[in-house]
Amino acid sequence: MADEQKLTTRAEDFSAWYNEVVLRAALADYSPVRGCMVIRPNGYGIWERMQRALDDMFKATGVRNAYFPLFIPESFLSREAEHVEGFAPETAVVTHGGGKKLDEPLVVRPTSETIIYAMFAKWVQSYRDLPLLINQWANVVRWEMRTRLFLRTLEFLWQEGHTAHATHDEAEAEARLILGVYRRFMEEWMAMPVITGLKTESEKFAGALRTYACEAMMQDNKALQAGTSHNLGQNFARAFDVTFQTEAAGRGGAGGGAGTDYVWNTSWGVSTRMIGGLVMTHGDDVGIRIPPRLAPTELVIVPIYRNDEQRAQVLEAADRVRDDLASGAAAIRAQVDRRDNMTPGAKYFDWELQGVPLRMELGPRDLDKQQGVLVRRDTREKQPVALAQAAGTARTLLDTIQRDMHAAALARREANSVRGPITAARFREIMDGEGAFVYAGWCGSAACEARIKEETKATIRVLPDPEFRSADPPQSCLACGERATAEALWAKAY
């Protein structure tokens, strides 16, 4: 039986609401291993659709999939000093195997730059081998002290792309290209609008030349870093001696010098954290709301009957409707709820909790009229639909729901964004209150950035890309009042 006990409301306690809805919508559960999670079929079904969409988008840019070992020699991390300093506190280390102490400890991968670039050094010899565009779908381990389902766990699933290029400009173009892929996926598939831009030096990936990120606003007005793309420069190439014969040297042309150069690398990744972002962007006090393009089930048919005769008739009709929905070019992922131990009302509650975008109610009276009743999960609006037109009507409605969910999230973000001149006192008041995305000036000083973080717990999420910047850019630094050199997006974050 469905548990019809109401969730804690978002307004009452957003954090408690999030934990409850993830558990009760059967997205994930706590593992016996502290800090780890079990992703249940409802959650994994969303992840599978995320994987499929992103994998197609990556491959369209020329990227190919590979797989690299889970274990990394400890010495590899120390080759890139900034990288090891950034990840050392989060690493899990294996010191024994097969009952014996290992000659060299093995790190359980927190990320794979080091072992991948050790392999790139073997594979790249000439400019003809470039660009090398590799992605892997994998798990990683980061020894987090404070964990939350999907948002921060010791082990999580992700993809990590790694590329090698002949020039800085090619690597920069790749990092920006993938950032655009992430943004398109998040907006067109997740219906989650994001701000893209450059991370500051203090917030960038350890060992990167520069880091770009997608930042989304959750319903509690905090930011979620949903994806990052890094131009690594030549740092890892120098550490692992990833060199290539240049084109000029290969052709015997002038200016070839020694004839070799270090490659320019990028890395980029998104993870199961996006499922948490989806929940916090679209969920309501009834449960989760899944954008149709990511929903494992787009439409559920709930049959209504009072006796065995009605049951047989309604279920037969429901199966026909499901098969009709599943056929054709615009096939809909549909299922019939055949559970006999639940009332229709309990089923409605259960499917709304799980966030299925559309529900069709189908009973004897509906069959007499050769119609069903469609109910939107996002707005809970109802409309009758002729069974003969159900497939076309449902597909149109699902497309509308997808657009409307993005529009609602975008409107909420903009309503909770603050632009224009703002004092430090007003900024503290906002961050002590309901929070917001605040666009304010920054002088470029790490000390000013740290001061704001210490006083308010807000950070610079990104230096926004041009399309997100204010029409009238701020002139003074939020922290010190001196002349601003950049506009920064400030917010509290997960």
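Annotations for the structure displayed:
- Subset tally (residues that are of a type outside the set (Lys, Arg), under 16 Å from residue 422 (Cα atoms) and open to solvent by 90 Å² or more (accessible area, probe 1.4 Å)) for the stretch 460-473: 2
- Scanning the stretch 329-379 for residues that are in contact with a strand residue (DSSP E or B) (Cβ under 6 Å, 6 or more places away or on another chain), over 22 Å from residue 17 (Cα atoms) and either without any contact (Cβ under 8 Å) to a residue 12 or more places away in the chain or of a type in the set (D, E, K, R) (or both) returns 337, 359, 361, 366.
- Any hit, the stretch 17-29, residues being open to solvent by 70 Å² or more (accessible area, probe 1.4 Å) and out of contact with any Gly (no Cβ under 8 Å at 6 or more places or on another chain): no
- Scan the stretch 341-369 for residues that are under 15 Å from residue 301 (Cβ atoms) and in a loop (DSSP other than H, G, I, E, B) and the total you get is 4.
- Condition met for residue 315 (open to solvent by less than 20 Å² (accessible area, probe 1.4 Å), within 30 Å of residue 341 (Cβ to Cβ) and without any contact (Cβ under 8 Å) to a residue 24 or more places away in the chain): yes
- Each residue in the stretch 211-229 was checked for being closer than 17 Å to residue 182 by Cα and either over 16 Å from the mean Cα position of the chain (by Cα) or modelled with pLDDT under 95 (or both), and 1 of them qualify.
- Filter result (among the hydrophobic types (A, V, I, L, M, F, W, C), in contact (Cβ under 8 Å) with a residue 24 or more places away in the chain and surrounded by fewer than 21 Cβ atoms within 10 Å (Cβ to Cβ)) within the stretch 135-150: 137, 138, 140, 141, 143
- Across the stretch 200-214, the number of residues qualifying as in contact with a Phe, Trp or Tyr (Cβ under 7 Å, 6 or more places away or on another chain) and touching a residue at least 60 places away in the same chain (Cβ under 8 Å) comes to 2.
- Unique residue being within 30 Å of residue 243 (Cβ to Cβ) and in contact with a Lys or Arg (Cβ under 8 Å, 6 or more places away or on another chain) when the list is 133, 151, 179: 133
- Number of the condition not met by residue 457 [criteria: (1) surrounded by 21 or more Cβ atoms within 10 Å (Cβ to Cβ); (2) at positive phi]: (1)
- Residue 12 vs. criteria surrounded by fewer than 17 Cβ atoms within 10 Å (Cβ to Cβ), out of contact with any Leu (no Cβ under 6 Å at 6 or more places or on another chain) and in a helix (DSSP H, G or I): no
- The sole residue among 388, 409, 415, 446 that is touching a His at 6+ places or on another chain (Cβ under 8 Å) and of a type in the set (A, V, I, L, M, F, W, C) is 409.
- In the stretch 271-329, the qualifying residues are those that are farther than 25 Å from residue 9 by Cα and basic (Lys, Arg), and the one that is nearest to the chain's Cα centre (by Cα) is 293.
Results for (1) open to solvent by 70 Å² or more (accessible area, probe 1.4 Å); (2) closer than 24 Å to residue 134 by Cβ, shown as yes or no for each residue.
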site	(1), (2)
59	yes, yes
62	no, yes
68	no, yes
72	no, yes
75	no, yes
97	no, no
101	yes, no
118	no, yes
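- Candidates in the stretch 86-134 are the residues that are touching a residue at least 12 places away in the same chain (Cβ under 8 Å) and charged (D, E, K, R); of these, the one that is nearest to residue 248 (Cα to Cα) is 128.
- Subset of the stretch 352-366 [open to solvent by 30 Å² or more (accessible area, probe 1.4 Å) and over 31 Å from the mean Cα position of the chain (by Cα)]: 364, 365
- Restricting attention to the stretch 205-226 and to residues that are part of a loop (DSSP other than H, G, I, E, B) and open to solvent by less than 10 Å² (accessible area, probe 1.4 Å), the residue that is farthest from residue 186 (Cα to Cα) turns out to be 207.
- Meets criteria (under 23 Å from residue 382 (Cβ atoms), open to solvent by 60 Å² or more (accessible area, probe 1.4 Å) and not in a helix (DSSP H, G or I)) for residue 289: no
- Residue in the stretch 335-351 that is touching a Ser or Thr at 6+ places or on another chain (Cβ under 9 Å) and crowded, with 18+ Cβ neighbours inside 10 Å present: yes
- Test result for residue 191, small (Gly, Ala, Ser), in a loop (DSSP other than H, G, I, E, B), touching a residue at least 60 places away in the same chain (Cβ under 8 Å) and within 23 Å of residue 416 (Cα to Cα): yes
- In the stretch 418-445, residue least open to solvent (accessible area, probe 1.4 Å) [restricted to those that are under 20 Å from residue 216 (Cα atoms), free of Cβ contacts under 8 Å to residues at least 24 places away in the same chain and not small (Gly, Ala, Ser)]: 430
The values are calculated or read from the model by the stated rules, or taken from the named source; none is laboratory data. Source: prediction; values computed, not measured. Glycine gets a Cβ as well: all are built from the backbone with ideal geometry, and neighbour counts include every protein chain shown. Just so you know, the surface numbers come from the protein's heavy atoms only, side chains and all, with ligands and any DNA or RNA stripped out. Shrake-Rupley method; radii C 1.70, N 1.55, O 1.52, S 1.80 Å.
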